[in-house]
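Notes follow the structure.
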Amino acid sequence: MTPLGVATALWVIWALSWLLAAVWSSRSHSSAGSIAQLPYRLITTAGFVLLFGVNPGRASGHFFSLPQWAGWIMTALAAVGFAFAWWARLHLGKLWSAFVTRKDEHRIIDTGPYGIVRHPIYTGIILAAVAVAVLKGNLYAFTGAFLIVVGFWMKARLEERFLSEQLGPETYAAYRRRAPMLIPFFPS
């Protein structure tokens with residue numbers, strides 16, 4: 001199997017396991033609303049379509065081919081991204097939601113991966129998407145990964161505004177000062 005084949009299999013396994021784990025979540029108390037969430041959803045979906053749904057072949061928009069050893073490094077980075085996202089999901093427990101919501105008994109989680117970055121699930125998924133884009137080495141994949149980054153950045157900003165309103169601006173501001181948004185050691 002090729003590095004890209006293994007990375008794609010990792011994405012499928014992650015997606016299926018993520019969907020199955022969706023039942024392990026507490027009831028939502030409130031949400032940011034469908035209209036507010038629509039922009040990041042559309043952009044992120046377009047990113048995934050470009051990353052996985054378009055295969056231009058070697059003749060069209062292909063920038064480079066990685067040597068096999070570099071491909072395996074990208075595959076390992078995708079696996080690290082998924083492991084980081086799962087660590088965050090397990091650490092968050094029943095407070096997890098696929099959408100921007102406030103759960104019953106919601107509180108700021110600032111330990112484990114949430115002590116490293118405020119949105120470790122997004123960080124892990126972004127790392128896996130960028131690794132696959134590098135593996136594919138084409139314009140569609142890089143554009144898709146870029147849109148995924150933008151979409152998750154938009155979702156993170158919306159989530160932070162929403163949780164700041166819901167949990168109190170000072171509570172969330174203190175957390176923002178302690179942990180960067182998406183990139184470890186990069187203040188944001």
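Observations on the structure shown:
- All positions within region 93-149 that are within 23 Å of residue 34 (Cα to Cα), hydroxyl-bearing (Ser, Thr, Tyr) and outside any helix (DSSP H, G or I): 97, 101
- Checked against (1) touching a strand residue (DSSP E or B) at 6+ places or on another chain (Cβ under 7 Å); (2) modelled with pLDDT of 95 or more; (3) of a type outside the set (Gly, Ala, Ser), residue 99 passes all but a single condition, namely (2).
- Filter pass, residue 86 being more than 17 Å from the chain's Cα centre (by Cα), in contact (Cβ under 8 Å) with a residue 12 or more places away in the chain and part of a helix (DSSP H, G or I): no
- Comparison of 61, 53 shows that the only residue that is within 13 Å of residue 141 (Cα to Cα) and without any contact (Cβ under 8 Å) to a residue 24 or more places away in the chain is 53.
- From the list 119, 91, the one residue that fits, being under 17 Å from the mean Cα position of the chain (by Cα) and surrounded by 18 or more Cβ atoms within 10 Å (Cβ to Cβ), is 119.
- Every residue from region 1-46 that is closer than 27 Å to residue 73 by Cβ and assigned to a loop (DSSP other than H, G, I, E, B): 1, 2
- Scanning region 88-111 for residues that are of a type outside the set (Asp, Glu) and within 19 Å of residue 173 (Cα to Cα) returns 100, 101, 102, 106, 107, 108, 109, 111.
The values are calculated or read from the model by the stated rules, or taken from the named source; none is laboratory data. Just so it is clear, the structure is predicted and the values come from calculations on it, not from any experiment. Note that each Cβ is placed from the backbone with ideal geometry, even for glycine, and that neighbours are counted across all protein chains shown.
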